[in-house]
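Undergrad: Sharing a structure, written as structure tokens. Questions coming.
Every read-out reported here was derived from the displayed coordinates using simple, explicitly stated rules and does not represent laboratory data. Quick caveat, the model's predicted, so the values are computed rather than measured. In this analysis, Cβ positions are derived from the backbone assuming ideal geometry, glycine residues included, and neighbour counts consider all displayed protein chains.
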Amino acid sequence: MIPGPIEYENNVLSALAQPTISHTSKEFLSIFKQTLEKVMTIFDLREGLPFILSGSGTLAMEIGTVNFIKRDSKVLVVNTGYFGDRFVDLFSRFTKNLDVYKPPLGEAADPKIIKEKVSGNEYDLVTVTHVDTSTGVRNDVKSIAPIFKDLDTILVVDGVCSIGAEEFSMEWGVDVAFTASQKALGAPPGLAVGVVNQKAMKRMESLQPLSFFSDLRKWNNVFKAMLELKPGYFGTPNVNLITALNVSLNNIMAEGMEKRIKRHEIIAESFRAAINALGLEMIPKGAYANTLSVQYLPDGVKQGPFLDDAARYGAVFASGLIPEIREKYFRVGHMGSVGPSEIMISVGAIERALKKNGYNVKLGTGLAAAQEILFKYDQGNP
Ligand code: PMP
């Protein structure tokens with residue numbers, strides 16, 4: 001129950017174990033093409049290009065930004081946690097013209113403030129982290145993105161902890177978005193996955209990229225070729241992982257995005273109800289993610305023993321990420337194939353681990369609250 005890597009379906013793991021076929025074989029070209037097309041569907045990209053590269057989400061952050069800026073371009077980072085800080089770190093190597101909009105901890109960015117900041121069209125690029133995995137805060141990309149439709153500014157969305165589980169569409173006005181294989185896309189870590197729309201492609205073609213491996217102009221030729229079932233080469237693709245991702249995306253398509261997003265919403269709401277009933281405070285102040293929940297430990301409960309006990313009782317959770325409060329909170333991922341059973345096991349483990357560590361809790365309080373939410377939805381969706 002950590003926020004990635006998540007647990008993978010058996011058919012995804014079996015696909016990973018198949019013999020590695022030639023990356024230029026007809027069989028692999030067909031797998032790559034199908035995978036790229038499904039990536040476009042999941043991001044809801046109608047015109048533009050998808051990308052799938054060997055690397056983690058951090059590589060996706062680099063690819064999704066350095067291709068669209070020059071040295072000392074004017075950039076704004078909308079920072080709602082640890083992965084906003086990571087963008088600041090990344091840009092500090094490329095530009096001195098860096099602004100940061102950082103709402104108070106736990107609050108989402110205000111679309112009105114973003115509008116005020118960007119409407120002069122001065123920024124070359126703006127980044128927004130859809131769900132920051134350190135805080136569990138979900139930014140309202142659906143309201144933010146349309147602001148950029150009439151601007152030259154490129155809007156980049158880090159969807160590493162959202163795409164495949166939260167509502168998302170490039171059509172809202174997002175120019176570049178990406179994720180990594182290990183979270184809601186349901187494949188093991190190792191692939192940086194994303195899309196670029198035509199506005200961003202135009203920008204990219206007019207620039208000399210600041211990196212070699214991350215030069216999307218080179219990779220685009222490969223992806224264009226693959227989409228036409230022709231071999232293309234810049235670096236050897238991760239044949240086994242792409243094959244596994246293709247299977248996972250088939251699983252996602254079989255469930256259907258709308259149903260999948262609803263399932264994540266219900267699971268997240270039931271988990272939050274439990275946390276609330278147990279008297280724990282969440283870090284987000286309203287803008288809750290559906291992919292993970294982030295909450296403070298009660299005063300006096302030590303993180304290390306609590307996490308160890310919870311693991312012993314059946315559920316592995318993640319510690320905090322924000323350095324100043326790292327020891328004071330914990331994170332529970334609920335993305336992928338997570339359902340009511342996993343929520344029940346997790347809440348049960350949290351209750352017992354809290355009690356074991358000195359927190360006065362009546363066992364079953366959180367479970368009952370989660371049950372009520374699950375029951376409510378079940379009645380609405382017989
Ligand atoms: N952005 C977000 C929102 C993330 O959650 C993560 C990873 N947890 C990253 C970027 C970086 O991804 P990776 O660890 O795969 O490099």
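Undergrad: Counting alpha carbon pairs within less than 8 Å and at least 6 residues apart, what relative contact order, in whole percent, applies to region 76-206? Walk me through the numbers before you get to the answer.
TA: Details: 233 pairs, mean separation 25.4, N = 131.
19 percent.
Undergrad: Give me Rg/Rg_expected for region 157-304, where Rg uses Cα atoms only and Rg_expected = 2.2 N^0.38 Å with N residues. Each step should come with its number before you reach the end.
TA: Details: Rg = 19.3 Å, N = 148, 2.2 N^0.38 = 14.7 Å.
Taking N as the residue count of region 157-304, the ratio is 1.32.
Undergrad: Give the relative contact order (percent, whole number) for the chain; include only Cα pairs under 8 Å separated by 6+ residues. It would help to have the intermediate numbers written out before the result.
TA: Working: 793 pairs, mean separation 88.0, N = 382.
23 percent.
Undergrad: Do you know the relative contact order of region 130-250, to the nearest whole percent, from alpha carbon pairs under 8 angstrom that are 6+ apart? Mind showing how you got there, number by number?
TA: Values: 146 pairs, mean separation 22.5, N = 121.
It rounds to 19 percent for region 130-250.
Undergrad: Springs between alpha-carbon atoms under 10 Å, Gaussian network over the chain: tell me which of SER73, SER337, SER211 tops the mean-square fluctuations.
TA: SER211
Undergrad: Moving to a separate point now. Dipole size in debye (nearest 20) for the chain around its Cα centre, Lys and Arg Cβ +1, Asp and Glu Cβ -1? Don't skip to the answer; put the middle values down first.
TA: On the way: 41 positive and 42 negative charges, 71 e Å.
It works out to roughly 340 debye.
Undergrad: Could you work out the percent of alpha carbon pairs in region 175-229 separated by over 15 Å, rounded to a whole number? It would help to have the intermediate numbers written out before the result.
TA: Numbers: 877 of 1485 pairs.
In whole percent, the share of Cα-Cα pairs in region 175-229 beyond 15 Å is 59.
Undergrad: At 20 °C and a viscosity of 1.002 mPa s, what translational diffusion coefficient does Stokes-Einstein give for the chain, taking Rh as the Kirkwood radius over Cα pairs? Give it in µm²/s as a whole number. Please list the in-between numbers first.
TA: Values: Rh = 21.4 Å.
Value of D from the Cα-based Kirkwood radius: 100 µm²/s.
Undergrad: Using the Cα centre of the chain as origin and beta-carbon charges of +1 (Lys, Arg) and -1 (Asp, Glu), tell me which of VAL193, HIS264, ALA369 is placed farthest towards the positive end of the dipole.
TA: VAL193
Undergrad: For region 13-84, report the convex hull volume of the alpha-carbon atoms normalised per residue, in Å³, without decimals. Walk me through the intermediate numbers first.
TA: Values: hull volume 12.4 nm³, N = 72.
Once divided by residue count, the hull of region 13-84 is 172 Å³.
Undergrad: Quote the charge dipole size of region 256-382 about the Cα centre in Debye, to the nearest 20; the model charges only the Cβ of Lys and Arg (+1) and of Asp and Glu (-1). Before the final figure, lay out the partial values.
TA: Working: 16 positive and 13 negative charges, 16 e Å.
The dipole magnitude comes to about 80 debye.
Undergrad: Okay, moving on. Which ³J(HN,Hα) values, rounded to whole Hz and listed in residue order, are derived for region 333-348 from phi using the Karplus coefficients 6.51, -1.76 and 1.60 in 6.51 cos²θ - 1.76 cosθ + 1.60 with θ = phi - 60°, glycine and proline given as x?
TA: x, 9, 10, x, 8, 4, x, x, 4, 5, 5, 5, 4, 5, 5, x
Undergrad: Calculate, in nm to one decimal, what LYS115 and ASP152 gain on full extension: separation in residues at 0.36 nm each, minus their alpha carbon distance. Please report the intermediate quantities before stating the final value.
TA: Numbers: separation 37, 0.36 × 37 = 13.32 nm, distance 1.36 nm.
The LYS115-ASP152 span can extend by a further 12.0 nm.
Undergrad: Peptides 20-27, 75-82: what's the order by average Cβ count within 10 Å, highest mean first? Could the numbers behind the result be given before it?
TA: Numbers: 20-27: 12.4, 75-82: 23.8.
Highest-to-lowest ranking by the protection proxy: 75-82, 20-27.
Undergrad: Here's another thing I want to ask about it. Quick one: 3J(HN,Hα) in Hz for region 163-180, Karplus 6.51/-1.76/1.60 with θ = phi - 60°, rounded, Gly and Pro as x.
TA: Karplus values, whole Hz, x for Gly and Pro: 5, x, 9, 10, 4, 7, 8, 4, 5, 5, x, 7, 9, 9, 8, 7, 8, 10.
Undergrad: Moving on to the next point. Assuming R0 = 45 Å, what is the FRET efficiency of ASN10 and LYS224, from their Cβ-Cβ distance, to the nearest 0.05? Spell out each step's value before the answer.
TA: Working: r = 34 Å, r/R0 = 0.75.
After rounding to 0.05, the efficiency reads 0.85.
Undergrad: Would you work out which of PHE306, TYR329, PHE51 lies farthest towards the positive end of the dipole of the chain? Charges go on Cβ: Lys and Arg +1, Asp and Glu -1.
TA: PHE51
Undergrad: Another question about this same structure. Taking θ = phi - 60°, what integer Hz values does the Karplus form 6.51 cos²θ - 1.76 cosθ + 1.60 yield along region 247-254, in sequence order, with x for Gly and Pro?
TA: Coupling constants for region 247-254: 5, 5, 5, 4, 4, 5, 5, 5 Hz.
Undergrad: In addition: Quick query: amide H of LEU297 versus all other amide H atoms, modeled in the peptide plane; which residues come in under 5 Å with a sequence gap of 5 or more or a different chain?
TA: For LEU297, the qualifying residues are TYR329, PHE330.
Undergrad: In the chain, with Lys and Arg counted as +1 and Asp and Glu as -1 at Cβ, which of these residues, THR135, LEU216, ALA108, has the Cα nearest the positive end of the dipole, that is, farthest along it?
TA: So the residue we want is LEU216.
Undergrad: Here's a follow-up. Using a simple charge model, +1 on the beta-carbon of Lys and Arg, -1 on the beta-carbon of Asp and Glu, nothing else, what dipole does region 167-320 show about its Cα centre, in debye to the nearest 20?
TA: Working: 16 positive and 14 negative charges, 87 e Å.
Its charge dipole is roughly 420 debye.
Undergrad: I want to check the label-to-label distance for TYR313 and PHE375. Put each point 7 Å from Cα in the C-beta direction and report it in nm to one decimal.
TA: 2.2
Undergrad: In the structure displayed, which of LYS142/LYS224; LYS183/LYS302; LYS142/LYS355 lie more than 32 Å apart, Cα to Cα?
TA: On the way: LYS142/LYS224 29 Å; LYS183/LYS302 28 Å; LYS142/LYS355 41 Å.
Distance filter (> 32 Å) returns LYS142/LYS355.
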